[in-house]
Amino acid sequence: MESITHCLYWITSILAIMSVLIPAIKNTYWTFRVFDYPRFQKFVILLILIFAWFFTFENPTIYENLILIIEVISAGYLFYIILPYTDYGKTMIDKTQPNPEEKVLDILVCNVYQHNRNYQKLIDLVKEENPSVLFFLETDEEWQNALKSVTKHYEYKIEVPLANTYGLLFYSHFPVKNCEINYLIDDDIPSIVADLEYNNQTVRLFGIHPTPPVPQENPESTERDAEILLVGEKAKNYGKPSIVFGDLNDVAWSRTTKLFLKSSGMLDPRRGRGMFNTFHVKYWFLRWPLDHFFVSPHFRLVDMKVMKSVDSDHFPIWISLVVRNEDKEDQFDISNEEKEEVFEKIEEGIEKGDAN
């Protein structure tokens, strides 16, 4: 029995350690990238293994001591990765209260899960909260029609309903001066750009939903990474108040997201405030942040929260912002090597995609 316990411990430990090391491999294939997501879960597993070690080995050998040391180092590394997305991390944008006469820019993002037909929960949420901007993903014509009872109150709209799980619906109470529907990488994966008139300023919004690196969608993350980085480049070139949001099918701590923050100059309001996990609704032990808001340094945070379930596999997520003076103090620096990596990733994604 003891030998079986030792064997099981070794197998579990080796798998756990490998799952920590694999994301460091710069390979875009899904079997590597899928390990980017469950960093917190791996951290918890390693803590359990470290605790269990003291009850598993009575007279540990040098190899058993070594596996403990490696587990502790691995857990420490994961803690370092996770820490910025807890209350103990450094915030990237300050929180503030709006002035009495000031309008707040509220944005609600929700991947509705196209095959979810319980429209009423989302309708009730919109009625209850009345955000100034709505952005719904995985929306087909049935969703578009079902939501008309609430979206009819939004004067400005961009509607791209699709049956391929990549439909987009955008609605705004604020005037939309200019808008675009783009197919940046793939000719069936749309994204939007909308210029809002907000408090006598123009705010540019980028709404995206790139493909995830999973076998049934796309076996590689190449196109996803390229779209995220390309939109970041566009936001950087714009140089004025801008927000990138949507279901990015990537987590906040991935290398691609870090490259996005560095190359775009955008800030992550999650940092120092929590993970704000939005996926998966049904599995509490397998949740991570897939739906994001990234903002230029012109913004201050009023509120950010994950909303109640609308029977999708994603929780809706909400942010409230106001525009202030530009504050670049918390922007990440980018090296020349990283700039080259961003360029190469975008070029590779465009080549693999079929939109150009």
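Of the residues contained in segment 93-103, none is found to be closer than 25 Å to Lys42 by Cβ and buried (at least 18 other Cβ atoms within 10 Å of the Cβ).
Residue count for segment 159-183, restricted to those that are open to solvent by 10 Å² or more (accessible area, probe 1.4 Å) and closer than 20 Å to Leu230 by Cβ: 8.
Looking at segment 270-284, is at least one residue touching a residue at least 40 places away in the same chain (Cβ under 8 Å), surrounded by fewer than 18 Cβ atoms within 10 Å (Cβ to Cβ) and not charged (D, E, K, R)? Checked segment 270-284: at least one residue is touching a residue at least 40 places away in the same chain (Cβ under 8 Å), surrounded by fewer than 18 Cβ atoms within 10 Å (Cβ to Cβ) and not charged (D, E, K, R).
List, please: which pairs have Cβ atoms under 6 Å, are six or more places apart or on different chains, and start with a residue in segment 85-97 that is within 23 Å of Pro38 (Cα to Cα) and aromatic (Phe, Trp, Tyr) and end with one that is open to solvent by 20 Å² or more (accessible area, probe 1.4 Å) and part of a loop (DSSP other than H, G, I, E, B)? So the pair list comes out as Tyr85/Met275.
The residues of segment 203-252 that are in a helix (DSSP H, G or I) and either open to solvent by 10 Å² or more (accessible area, probe 1.4 Å) or small (Gly, Ala, Ser) (or both), listed by number, are Glu223, Ala226, Leu230, Gly232, Glu233, Lys234, Ala235, Lys236, Asn237, Tyr238. Considering segment 319-346, the residues that are over 20 Å from Pro269 (Cβ atoms), acidic (Asp, Glu) and touching a residue at least 12 places away in the same chain (Cβ under 8 Å) include one that is surrounded by the fewest Cβ atoms within 10 Å (Cβ to Cβ), namely Glu338. Please determine, by comparing only the residues of segment 50-77 that are touching a residue at least 12 places away in the same chain (Cβ under 8 Å) and among the polar types (S, T, N, Q), which one is farthest from Phe40 (Cα to Cα). Checked segment 50-77; the qualifying residue farthest from Phe40 (Cα to Cα) is Thr56.
Among the conditions (1) in contact with an Asp or Glu (Cβ under 9 Å, 6 or more places away or on another chain); (2) aliphatic (A, V, I, L, M); (3) surrounded by 19 or more Cβ atoms within 10 Å (Cβ to Cβ), Leu125 misses just one, which is (1). Tell me, please, whether a residue that is under 22 Å from Pro190 (Cα atoms), modelled with pLDDT of 95 or more and touching a Lys or Arg at 6+ places or on another chain (Cβ under 9 Å) can be found in segment 319-340. No, every residue in segment 319-340 fails to be under 22 Å from Pro190 (Cα atoms), modelled with pLDDT of 95 or more and touching a Lys or Arg at 6+ places or on another chain (Cβ under 9 Å).
Scan segment 126-136 and give yes if some residue there is closer than 15 Å to Asp106 by Cβ, basic (Lys, Arg) and either touching a Phe, Trp or Tyr at 6+ places or on another chain (Cβ under 8 Å) or without any contact (Cβ under 8 Å) to a residue 40 or more places away in the chain (or both), otherwise no. The answer is yes; a qualifying residue exists. Kindly indicate whether Thr28 is surrounded by 13 or more Cβ atoms within 10 Å (Cβ to Cβ) and more than 23 Å from Thr222 (Cβ to Cβ). Judged against the criteria, Thr28 is not a match. Filtered by the rule that a residue be open to solvent by 80 Å² or more (accessible area, probe 1.4 Å) and either closer than 18 Å to Thr5 by Cα or over 28 Å from the mean Cα position of the chain (by Cα) (or both), segment 46-75 gives Leu47, Ile48, Phe51, Phe54, Phe55, Glu58, Asn59, Ile62, Tyr63, Leu66, Ile69. Please indicate, with yes or no, whether at least one residue in segment 148-158 is in contact (Cβ under 8 Å) with a residue 60 or more places away in the chain, open to solvent by 20 Å² or more (accessible area, probe 1.4 Å) and farther than 14 Å from Gln114 by Cβ. Among the residues of segment 148-158, not one is in contact (Cβ under 8 Å) with a residue 60 or more places away in the chain, open to solvent by 20 Å² or more (accessible area, probe 1.4 Å) and farther than 14 Å from Gln114 by Cβ, which makes the answer no. Being small (Gly, Ala, Ser), touching a strand residue (DSSP E or B) at 6+ places or on another chain (Cβ under 7 Å) and under 28 Å from Glu197 (Cβ atoms): is that true of Ser242 here? Yes; evaluated as a whole, the condition is true for this residue.
Give me the pairs: first residue in segment 1-26 and assigned to a helix (DSSP H, G or I), second residue open to solvent by less than 80 Å² (accessible area, probe 1.4 Å) and of a type in the set (S, T, N, Q), beta-carbon distance under 7 Å, and six or more apart or on different chains, which are they? So the pair list comes out as Thr5/Thr56; His6/Thr56; Tyr9/Thr56; Ile17/Ser74; Val20/Ser74.
Looking at the structure I just gave you, is Asn200 within 24 Å of the chain's Cα centre (by Cα), within 25 Å of Lys240 (Cβ to Cβ) and either charged (D, E, K, R) or open to solvent by 30 Å² or more (accessible area, probe 1.4 Å) (or both)? Judged against the criteria, Asn200 is not a match.
The values are calculated or read from the model by the stated rules, or taken from the named source; none is laboratory data. Since the model is a prediction, treat every value here as computed from it, not as a measurement. Heads up, the Cβs are rebuilt from the backbone with ideal geometry, glycines too, and the neighbour counts pull from every protein chain shown. In case anyone asks, the SASA skips ligands and DNA or RNA and just uses the protein heavy atoms, side chains included. Shrake-Rupley method; radii C 1.70, N 1.55, O 1.52, S 1.80 Å.
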